[in-house]
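Structure record follows, encoded as C-alpha coordinates.
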Amino acid sequence: QILVALHSHWPSTTGGERMTAMHTLKKCSLFSRMKDDQLERIIPLCTSVAVTGDTILFKQGQVAKHLYVVQEGRAALELSVAASQSGGQARPRIVATLNVGEAFGWSAVVEPHVMTLSASSVGAGRFLLIDGPALKELLGRDRNLGYSFMTALCGLLSERLMQTRATLIYERGWAVGV
(Lines give C-alpha, C1' and ligand atoms only; values in the text may rest on other atoms or scores of the structure.)
Protein backbone atom coordinates (compact mmCIF):
# COMPACT_ATOMS: atom_id res chain seq x y z
CA GLN A 1 0.00 0.00 0.00
CA ILE A 2 1.38 3.44 -0.95
CA LEU A 3 0.26 6.73 0.59
CA VAL A 4 -1.01 9.14 -2.06
CA ALA A 5 0.16 12.75 -2.15
CA LEU A 6 -1.96 15.11 -0.07
CA HIS A 7 -2.64 18.77 -0.58
CA SER A 8 -5.31 19.55 2.00
CA HIS A 9 -4.57 21.44 5.20
CA TRP A 10 -6.40 22.39 8.40
CA PRO A 11 -7.18 26.10 8.15
CA SER A 12 -10.81 25.45 9.07
CA THR A 13 -10.68 22.44 11.35
CA THR A 14 -12.60 21.46 14.40
CA GLY A 15 -11.21 22.33 17.81
CA GLY A 16 -10.50 18.64 18.46
CA GLU A 17 -8.32 18.29 15.36
CA ARG A 18 -6.38 21.43 16.24
CA MET A 19 -5.84 20.17 19.80
CA THR A 20 -4.63 16.81 18.47
CA ALA A 21 -2.16 18.56 16.17
CA MET A 22 -1.03 20.84 19.01
CA HIS A 23 -0.52 17.81 21.29
CA THR A 24 1.48 15.99 18.59
CA LEU A 25 3.71 19.00 17.92
CA LYS A 26 4.40 19.49 21.64
CA LYS A 27 5.53 15.82 21.92
CA CYS A 28 7.93 16.21 18.98
CA SER A 29 11.50 17.35 19.73
CA LEU A 30 11.46 19.69 16.72
CA PHE A 31 8.58 21.70 18.19
CA SER A 32 8.55 20.92 21.93
CA ARG A 33 10.29 24.15 22.98
CA MET A 34 8.03 26.41 20.94
CA LYS A 35 5.33 28.56 22.49
CA ASP A 36 1.65 27.89 21.80
CA ASP A 37 1.32 30.99 19.59
CA GLN A 38 4.21 29.72 17.44
CA LEU A 39 2.64 26.26 17.16
CA GLU A 40 -0.69 27.85 16.20
CA ARG A 41 1.05 29.24 13.10
CA ILE A 42 2.25 25.76 12.13
CA ILE A 43 -1.05 23.91 12.63
CA PRO A 44 -2.65 25.24 9.41
CA LEU A 45 0.22 23.59 7.50
CA CYS A 46 -0.66 20.16 8.95
CA THR A 47 -2.69 17.20 7.72
CA SER A 48 -3.35 14.11 9.81
CA VAL A 49 -3.37 10.85 7.85
CA ALA A 50 -4.40 7.41 9.12
CA VAL A 51 -3.10 4.22 7.51
CA THR A 52 -4.60 0.79 8.07
CA GLY A 53 -1.57 -1.40 7.51
CA ASP A 54 2.02 -1.40 6.31
CA THR A 55 2.06 1.63 4.00
CA ILE A 56 4.90 3.25 2.09
CA LEU A 57 4.94 6.91 3.12
CA PHE A 58 7.72 7.97 0.76
CA LYS A 59 10.65 6.50 -1.15
CA GLN A 60 14.33 7.32 -1.07
CA GLY A 61 15.23 9.74 -3.88
CA GLN A 62 11.72 11.19 -4.17
CA VAL A 63 11.11 14.94 -3.92
CA ALA A 64 10.50 15.80 -0.26
CA LYS A 65 7.17 17.60 0.20
CA HIS A 66 6.26 16.89 3.84
CA LEU A 67 7.83 16.68 7.25
CA TYR A 68 6.25 13.78 9.18
CA VAL A 69 5.53 13.23 12.87
CA VAL A 70 4.30 9.89 14.22
CA GLN A 71 0.95 10.42 15.98
CA GLU A 72 0.03 6.76 16.53
CA GLY A 73 1.90 3.55 15.72
CA ARG A 74 5.43 3.36 14.38
CA ALA A 75 7.40 4.15 11.22
CA ALA A 76 10.41 2.36 9.75
CA LEU A 77 13.16 4.26 7.95
CA GLU A 78 14.96 2.26 5.27
CA LEU A 79 18.13 2.82 3.28
CA SER A 80 18.31 1.21 -0.15
CA VAL A 81 21.86 0.34 -1.14
CA ALA A 82 22.25 0.69 -4.91
CA ALA A 83 22.97 -2.50 -6.83
CA SER A 84 26.42 -1.24 -7.84
CA GLN A 85 27.33 -0.74 -4.17
CA SER A 86 25.93 -4.04 -2.92
CA GLY A 87 27.09 -6.23 -5.80
CA GLY A 88 23.60 -7.20 -6.88
CA GLN A 89 20.01 -6.15 -6.48
CA ALA A 90 19.13 -3.08 -4.38
CA ARG A 91 18.56 -4.17 -0.77
CA PRO A 92 16.57 -1.99 1.61
CA ARG A 93 17.77 -2.06 5.22
CA ILE A 94 15.84 -0.69 8.20
CA VAL A 95 18.09 1.90 9.84
CA ALA A 96 15.62 3.21 12.44
CA THR A 97 12.18 2.54 13.84
CA LEU A 98 10.37 5.65 15.10
CA ASN A 99 7.69 5.92 17.76
CA VAL A 100 4.99 8.43 18.71
CA GLY A 101 6.26 12.00 18.71
CA GLU A 102 9.28 11.34 16.51
CA ALA A 103 9.82 13.33 13.29
CA PHE A 104 11.20 12.26 9.93
CA GLY A 105 11.31 13.55 6.37
CA TRP A 106 13.39 16.60 7.35
CA SER A 107 14.53 16.86 3.71
CA ALA A 108 11.27 18.74 3.11
CA VAL A 109 12.84 21.82 4.73
CA VAL A 110 16.50 21.31 3.78
CA GLU A 111 17.88 21.60 0.24
CA PRO A 112 18.08 19.80 -2.11
CA HIS A 113 14.64 18.59 -0.87
CA VAL A 114 15.21 14.94 -1.80
CA MET A 115 14.40 12.10 0.61
CA THR A 116 17.59 10.39 1.82
CA LEU A 117 15.72 7.31 3.09
CA SER A 118 12.42 5.53 2.47
CA ALA A 119 9.73 5.42 5.16
CA SER A 120 6.77 3.17 5.80
CA SER A 121 4.30 2.60 8.59
CA VAL A 122 4.79 -0.48 10.72
CA GLY A 123 1.20 -1.70 10.70
CA ALA A 124 -1.68 0.70 11.32
CA GLY A 125 -0.87 4.23 12.39
CA ARG A 126 -1.51 7.94 12.11
CA PHE A 127 0.94 10.56 10.91
CA LEU A 128 0.96 14.33 11.00
CA LEU A 129 2.20 15.65 7.66
CA ILE A 130 3.50 19.22 7.62
CA ASP A 131 3.75 21.03 4.28
CA GLY A 132 7.52 21.37 3.80
CA PRO A 133 7.68 24.37 1.43
CA ALA A 134 5.12 26.31 3.50
CA LEU A 135 6.98 25.50 6.74
CA LYS A 136 10.30 26.57 5.23
CA GLU A 137 8.74 29.85 4.11
CA LEU A 138 7.29 30.44 7.60
CA LEU A 139 10.66 29.68 9.22
CA GLY A 140 12.33 32.17 6.88
CA ARG A 141 9.83 34.92 7.72
CA ASP A 142 9.96 34.41 11.49
CA ARG A 143 13.65 34.25 12.40
CA ASN A 144 12.99 33.30 16.06
CA LEU A 145 10.79 30.40 14.98
CA GLY A 146 13.34 29.45 12.31
CA TYR A 147 16.22 29.50 14.79
CA SER A 148 14.30 27.39 17.31
CA PHE A 149 13.35 24.83 14.66
CA MET A 150 16.80 24.61 13.05
CA THR A 151 18.50 24.22 16.46
CA ALA A 152 16.14 21.33 17.23
CA LEU A 153 16.71 19.87 13.74
CA CYS A 154 20.49 19.92 14.29
CA GLY A 155 19.92 17.98 17.52
CA LEU A 156 17.76 15.43 15.70
CA LEU A 157 20.31 14.99 12.91
CA SER A 158 23.10 14.57 15.45
CA GLU A 159 21.07 11.88 17.23
CA ARG A 160 20.40 10.04 13.95
CA LEU A 161 24.09 10.26 13.01
CA MET A 162 25.06 8.72 16.36
CA GLN A 163 22.52 5.90 15.81
CA THR A 164 23.97 5.26 12.36
CA ARG A 165 27.51 5.31 13.76
CA ALA A 166 26.60 2.78 16.47
CA THR A 167 24.96 0.52 13.89
CA LEU A 168 28.00 0.71 11.61
CA ILE A 169 30.39 -0.11 14.46
CA TYR A 170 28.26 -3.09 15.48
CA GLU A 171 27.70 -4.44 11.97
CA ARG A 172 31.36 -4.07 10.98
CA GLY A 173 32.48 -5.79 14.17
CA TRP A 174 34.57 -2.78 15.17
CA ALA A 175 33.23 -2.72 18.72
CA VAL A 176 35.78 -3.74 21.33
CA GLY A 177 34.66 -6.53 23.66
CA VAL A 178 31.60 -7.54 21.59
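The values are calculated or read from the model by the stated rules, or taken from the named source; none is laboratory data. Being a predicted model, the structure only gives us computed values, none of them experimental. In this analysis, Cβ positions are derived from the backbone assuming ideal geometry, glycine residues included, and neighbour counts consider all displayed protein chains. Just the protein is used for accessible areas: all its heavy atoms, side chains included, with ligands, DNA and RNA removed. Shrake-Rupley method; radii C 1.70, N 1.55, O 1.52, S 1.80 Å.
Applying the selection to the range 145-158, what residues are touching a helix residue (DSSP H, G or I) at 6+ places or on another chain (Cβ under 8 Å) and more than 11 Å from residue 106 (Cβ to Cβ)?
145, 146, 148
Do we find that residue 147 is farther than 27 Å from residue 44 by Cβ and of a type outside the set (Gly, Ala, Ser) in this structure?
Against the criterion (farther than 27 Å from residue 44 by Cβ and of a type outside the set (Gly, Ala, Ser)), residue 147 does not qualify.
Taking the range 23-40 as the region of interest, how many residues are more than 18 Å from the chain's Cα centre (by Cα), in contact (Cβ under 8 Å) with a residue 40 or more places away in the chain and loosely packed, with under 15 Cβ neighbours inside 10 Å?
Residues meeting the conditions: 0.
Collect the residues in the range 95-117 that are of a type outside the set (A, V, I, L, M) and open to solvent by 20 Å² or more (accessible area, probe 1.4 Å), keeping them in residue-number order.
97, 99, 102, 106, 111, 112, 113, 116
Considering only residues that are closer than 23 Å to residue 99 by Cα, open to solvent by 40 Å² or more (accessible area, probe 1.4 Å) and not basic (Lys, Arg), which ones fall in the range 156-170?
Scanning the range 156-170 gives 157, 158, 159, 161, 162, 163, 164, 166, 167, 168, 170.
If we only count strands (runs of 3 or more DSSP E) wholly inside the range 46-110, which ones have 3 or more residues that are under 10 Å from the mean Cα position of the chain (by Cα) and modelled with pLDDT of 90 or more?
The strands (runs of 3 or more DSSP E) meeting that bar are 66-72.
For residue 158, state whether it is within 25 Å of residue 70 (Cβ to Cβ) and without any contact (Cβ under 8 Å) to a residue 60 or more places away in the chain.
Considered against the rule, which asks whether it is within 25 Å of residue 70 (Cβ to Cβ) and without any contact (Cβ under 8 Å) to a residue 60 or more places away in the chain, residue 158 comes out as yes.
Go through (1) open to solvent by 50 Å² or more (accessible area, probe 1.4 Å); (2) modelled with pLDDT of 95 or more one by one and return the number of the condition residue 129 breaks.
(1)
Any residue in the range 126-154 that's of a type in the set (Gly, Ala, Ser): show its pairings with residues that are part of a helix (DSSP H, G or I) and open to solvent by less than 70 Å² (accessible area, probe 1.4 Å) at Cβ separation under 6 Å, as long as the two are six or more apart or on different chains.
132/108; 134/45; 146/139
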